[in-house]
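Asker: Pasting a structure here, questions to come.
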Amino acid sequence: MKTSFKHRLNFIIKHFYIAILIMVIFGSVTLLIINKIPKYYESKSILLIEDNKEYNYQNYQTYTKYVKNSDLIKNLEFTYQNVNSNNISINLLSNSKLVEIRVKNSDMHLSLEMNNVLSSLYKEQILNIYPNMQLFTISSASIIDAPNINTNHCLIIALISGLVVGIMILNIYSSGKIHIYNHKDIRKYLNIKTLGVIPSENSVPYEKTKNVLYDTKIRMINKPDSIISESYRMVRTNLDFLNLKIINFTSTSIGEGKSATISNIAVSFALMGKRVLLIDCDLRKPRIHRNFHINRSLGLTDVICYNRLEEYENIIQEFKIKNTNYHLDILSAGSKVVNPSEMLSSNRFKKLINMLKDEYDLILIDCPPVSLMTDAAIVSRISNGTVYVVEYDRISSSIINSNIETLKNLKVNILGAVITKVNIKRQRKLYGSKYEYYHDYIA
């Protein structure tokens with residue numbers, strides 16, 4: 001699925017904190033490595049050996065080897081703790097009378113001091129053995145090599161590299177994380193039509209209800225003149241044109257606003273004077289009874305499991321819409337069961353639906369998410385059409401598309417999608433003027 005540059009850019013901006021985190025990690029690791037790298041200052045001094053005799057190079061070499069193998073180095077190690085003998089060298093320069101002394105240490109001053117001490121000890125030992133020999137200091141101890149690691153430059157390079165790597169990772173990751181933002185994305189990535197767009201309350205500040213006057217969570221009842229209520233009416237209008245009898249609602253995952261959407265749409269159909277039945281088939285996590293504040297104790301599972309098909313009229317609850325002459329019939333989930341899928345696949349459930357469709361103008365069924373259970377697929381096959389609820393900017397379109405294809409392979413009639421919790425502020429170009437116009441009209 002090819003992604004646009006705009007989508008990739010939006011994804012990177014939204015998750016830019018990840019790139020910052022990677023940049024910080026790169027910088028921290030770089031500082032850690034730099035601190036672990038030994039930083040040595042190397043000092044050097046040169047001595048001249050003179051004995052007024054015609055000794056050859058091998059004689060001088062013998063002197064030096066003897067001194068190196070004596071207790072000279074051990075004495076130095078005793079004087080200066082944590083001295084590494086591998087960082088100390090005494091060498092006779094080739095074909096000469098010159099002795100070169102080198103000392104490495106992480107402390108520059110200590111390196112110079114140790115070199116001077118070593119030179120003095122060297123002279124002392126040679127003169128103890130050969131009193132007539134003379135040693136002259138040709139070159140005093142001086143630093144010839146110092147650490148050249150520029151911590152600031154290394155840190156800057158690491159931070160820039162970390163930021164670039166982070167952006168590259170986000171760019172690659174964005175190709176598989178195309179989210180749904182508007183109806184154009186529904187057509188482009190899911191290849192279905194949009195039945196409606198439901199704004200989020202946070203994106204429409206004047207939509208917030210401070211004091212709820214009714215004992216229900218349904219926006220169509222609490223605030224029927226709101227923009228969100230009007231959005232539900234738009235979905236209702238699109239569904240009404242289809243003239244179908246049984247419609248079920250499902251989604252990809254929990255918390256996408258599926259139950260709230262079907263509850264509001266059920267009320268909007270009831271307000272048209274239609275005889276509407278709302279059935280809660282999300283038997284594992286039912287929400288309908290909570291939305292309407294009704295009793296769950298008797299419901300769908302009790303009708304099916306206890307073969308009370310003939311008594312369904314006594315189990316269906318009538319919800320009267322306040323300040324109107326209309327009502328909505330609700331069949332709650334009922335008692336908890338351990339085998340929801342088997343129950344929904346039973347002949348009793350199919351028989352119940354056939355009995356109910358003769359009594360109602362419209363039956364709306366709330367199903368579990370497709371990606372979690374098979375219940376939605378089972379109910380979708382006996383429905384006339386399925387509405388797919390998609391939450392704005394939450395789930396990857398590839399996952400949603402996979403679930404939709406699963407339903408299509410089962411010969412399910414996908415009516416379209418409803419996008420919920422849409423941030424109108426971020427989608428101002430598409431929806432802003434529409435909702436501003438409606439707000440000005442009712443103000």
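Read-outs throughout are calculated quantities, based only on the coordinates presented, and are distinct from any laboratory measurement. All values derive from a computational prediction rather than experimental measurement. Note: ideal-geometry Cβ built from the backbone for every residue, glycine included; neighbour counts use all protein chains shown.
Asker: Need one number: nm distance between label points at residue 335 and residue 159, each 7 Å from Cα along Cα→Cβ, rounded to one decimal.
Answerer: 6.7 nm
Asker: I'd like the antiparallel share, as a percent to the nearest 5, of DSSP beta bridges with both residues in region 183-442. Write down the numbers at each step before the final one.
Answerer: Details: 4 of 31 bridges.
Close to 15 percent.
Asker: Here is a further query. Sorted from fewest to most neighbouring beta carbons within 10 Å, what does the list 37, 20 look like?
Answerer: 37, 20
Asker: Using the Cβ atoms and a cut-off under 13 Å, what net charge is assigned to the surroundings of residue 190, where Lys and Arg are +1 and Asp and Glu are -1?
Answerer: Numbers: positive: 184, 187, 188, 193, 408; negative: 185, 405.
That works out to +3.
Asker: Which FRET efficiency value, to the nearest 0.05, is calculated for residue 39 and residue 85 with the Förster distance at 22 angstrom and r the Cβ-Cβ distance? It would help to have the intermediate numbers written out before the result.
Answerer: On the way: r = 19 Å, r/R0 = 0.87.
The formula returns an efficiency of 0.70 here.
Asker: Taking R0 as 22 Å, what FRET efficiency do you get between residue 139 and residue 62 from their Cβ-Cβ distance, rounded to the nearest 0.05? Don't skip to the end; give the middle numbers.
Answerer: On the way: r = 23 Å, r/R0 = 1.05.
After rounding, the FRET efficiency stands at 0.45.
Asker: Quick one: which of 260-270, 411-421 comes out on top by average Cβ neighbours within 10 Å, and what's the full order, highest first? Walk me through the numbers on the way to the answer.
Answerer: Details: 260-270: 26.2, 411-421: 20.9.
The peptides rank, most packed first, as 260-270, 411-421.
Asker: Between beta-carbons, use under 10 Å as the cut-off and find the net charge around residue 145, counting Lys and Arg +1, Asp and Glu -1. The partial results should precede the final answer.
Answerer: Working: positive: 44, 102, 104; negative: 42.
For residues surrounding residue 145, the net value is +2.
Asker: Using 0.36 nm per residue of separation minus the Cα-Cα distance, give me the extension gain between residue 108 and residue 394 in nm, one decimal.
Answerer: On the way: separation 286, 0.36 × 286 = 102.96 nm, distance 5.88 nm.
Once the chain is fully extended between residue 108 and residue 394, it gains 97.1 nm.
Asker: Let me ask you something else. Determine the relative contact order of region 317-394: mean sequence separation of Cα pairs under 8 Å and six or more apart, normalised by residue count, in whole percent. Let's see the in-between values first.
Answerer: On the way: 38 pairs, mean separation 14.7, N = 78.
Over region 317-394, the number comes to 19 percent.
Asker: Tell me which of 367, 268, 404 sits at the most positive position along the dipole axis of region 183-442, charges placed on C-beta atoms (Lys, Arg +1; Asp, Glu -1).
Answerer: 404
Asker: Here is a further query. Please list, in order, the residues from region 344-377 whose amide nitrogen is less than 17 Å from a point placed 7 Å along the Cα→Cβ vector of residue 243.
Answerer: Residues passing the 17 Å test: 361-363.
Asker: Taking neighbour counts of Cβ atoms within 10 Å as a proxy for exposure, in what order, fewest first, do 120, 259 appear? Could you put the intermediate results ahead of the total?
Answerer: Working: 120 11, 259 23.
Listing 120, 259 from fewest to most nearby Cβ atoms yields 120, 259.
Asker: Order 241-249, 110-118 from most to least packed using the mean count of other Cβ atoms within 10 Å. If you can, show how the numbers build up before the last one.
Answerer: Details: 241-249: 17.0, 110-118: 20.0.
Ranking the peptides 241-249, 110-118 by packing returns 110-118, 241-249.
Asker: Provide the three semi-axes, in whole Å and in decreasing order, of the ellipsoid equivalent to region 183-442 as defined by the square roots of 5 times the Cα gyration tensor eigenvalues. All intermediate terms of the calculation are to be shown ahead of the outcome.
Answerer: Working: eigenvalues 166, 102, 47 Å².
The three semi-axes for region 183-442 are 29, 23, 15 Å.
Asker: With the crude spin-label approximation of a point 7 Å out along Cα→Cβ, what separation in nm comes out for residue 313 versus residue 359?
Answerer: Taking the two extended label points, one gets 0.7 nm.
Asker: Pop a pseudo-label 7 angstrom from the Cα along the beta-carbon direction at both residue 306 and residue 225 and give the gap in nm to one decimal.
Answerer: About 4.5 nm, to one decimal.
Asker: Estimate the FRET efficiency between residue 13 and residue 325 by the formula 1/(1 + (r/R0)^6), using the beta-carbon distance for r and 60 Å for R0, to the nearest 0.05. Spell out each step's value before the answer.
Answerer: Numbers: r = 51 Å, r/R0 = 0.85.
Efficiency for this residue pair is about 0.70.
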